[in-house]
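The values are calculated or read from the model by the stated rules, or taken from the named source; none is laboratory data. Remember, it's a predicted structure, so these values are computed and weren't measured experimentally. All Cβ positions, glycine included, derive from the backbone under ideal geometry; neighbour counts span all protein chains shown.
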Amino acid sequence: MGMATRVPFASASSLTGSSCQRHKYGWLARSWSPPVFSSSLKLPESSTLSISNLASSSSTLLPSFSTKKRKGLRRLRVIVMADSSRSTVLVAGAGGRTGQIVYRKLKERSDEYVARGLVRTEESKQKIGGADDVFVGDIRDSDSIVPAIQGIDALIILTSAVPQMKPGFDPTKGGRPEFYFEDGAYPEQVDWLGQKNQIDAAKAAGVKQIVLVGSMGGTDPNHPLNSLGNGNILVWKRKAEQYLADSGIPYTIIRAGGLQDKDGGLRELIVGKDDELLQTETRTIARPDVAEVCIQALKFEESQFKAFDLASKPEGAGTPTKDFKALFSQITTRF
Ligand SMILES: NC(=O)c1ccc[n+]([C@@H]2O[C@H](COP(=O)([O-])OP(=O)(O)OC[C@H]3O[C@@H](n4cnc5c(N)ncnc54)[C@H](OP(=O)(O)O)[C@@H]3O)[C@@H](O)[C@H]2O)c1
């Protein structure tokens, strides 16, 4: 289903057709028609040319050739078209702790995906490698995220308001730290309006699927996370989830348990509904496992139009999850 939209080794003059426009972040398709360019290479008649040489800088490109003999030279015409077999996927929050993992996994699977990242700052961009496929934009400002969303097939939302600890907390003195949100970066602005902006922009751009990572606990307005910094974070996240579910775009809402920085792929994953898992011992999950579920959700239609809680058994208990189609098939809840 993918649309490859970047033509990294084309020069502006080599572009033909009207489907491409130059953008400061690279070549972006203006419509669904694939970007095409042609160029001529002069080779001695005896030369051979390997496709892999030509396409080595981007497996996005599918060359085709025609040759014409002139003055002892064989003129080679190369027509390069976008590879429609790969899916272009934007990770919003690609500088975050889970977002980084999703972005990296997508890059590692470049035979299946064309990865893009959206980060808030240039600093975050550099933190994840500074590649041209990382766009800088603020989800509170709709216009700033349009270039990143234009031409993608799927969007994975991993943005979140982040509470800050008030200075002066001394763990040696006991008690609990206090938290606050910076002005303009409250959950209402980031988790509600910022996510709504992304959903609206994705809908306008014809995006085919949105995966949204939320949090368990949203069924309880009195959940302690809501009092953190007076942000009502779970309330605003839930509102954005509802907006997505009502949008008409195929969606997958993953309400994760407590995120842990542990290795992934080692545990049996558990799906649930309505925060029921919070009443059990199974209510945490490793960030790489959440990241994997985000990507697997793009592969199986069993994940679509579903919202679910996600946690894992402890390592060593149960069998590490490998069959994601079966995992998504267990889910019956649309919200
Ligand atoms: N922590 C937990 O235990 C837990 C549990 C369940 C669910 N979750 C949810 O899981 C998701 C991933 O969590 P995480 O801990 O991996 O995330 P994280 O590290 O806190 O990352 C959040 C990302 O959102 C980005 N962001 C914030 N405001 C933005 C804005 N205005 N524009 C663009 N980007 C913005 C941040 O960018 P900057 O880096 O530039 O600030 C950051 O990269 C979140 O939705 C979180 O709420 C977390």
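Listed here are the residues, each with its yes/no results for (1) at pLDDT below 95; (2) outside any loop (DSSP other than H, G, I, E, B); (3) over 30 Å from Gly316 (Cα atoms).
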position	(1), (2), (3)
Glu182	no, no, yes
Trp192	no, yes, yes
Lys203	no, yes, yes
Leu234	no, yes, yes
Ala240	no, yes, yes
Gly264	no, no, no
Arg267	no, no, no
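Just wondering, is there one or more residues in the stretch 265-286 that are among the hydroxyl-bearing types (Ser, Thr, Tyr) and surrounded by 22 or more Cβ atoms within 10 Å (Cβ to Cβ)?
Within the stretch 265-286, not a single residue is among the hydroxyl-bearing types (Ser, Thr, Tyr) and surrounded by 22 or more Cβ atoms within 10 Å (Cβ to Cβ).
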Going by what's in this entry, would Glu281 be described as at pLDDT below 95 and more than 22 Å from the chain's Cα centre (by Cα)?
yes
Collect the residues in the stretch 297-319 that are assigned to a helix (DSSP H, G or I) and either surrounded by 19 or more Cβ atoms within 10 Å (Cβ to Cβ) or on the phi > 0 side of the Ramachandran plot (or both), keeping them in residue-number order.
Ser303
Tell me yes or no: at least one residue of the stretch 238-259 is away from the ligand (no atom under 13 Å from the Cβ) and closer than 20 Å to Lys322 by Cα.
yes
List the number of the failed condition for Gly206; all other conditions in (1) within 16 Å of Ile145 (Cα to Cα); (2) touching a Gly at 6+ places or on another chain (Cβ under 6 Å) hold.
(2)
Condition first: within 12 Å of the ligand (Cβ to nearest atom) and farther than 20 Å from Ile331 by Cβ. Now tell me which residues in the stretch 221-237 satisfy that.
His223, Leu225, Leu228, Gly231, Ile233, Leu234, Trp236
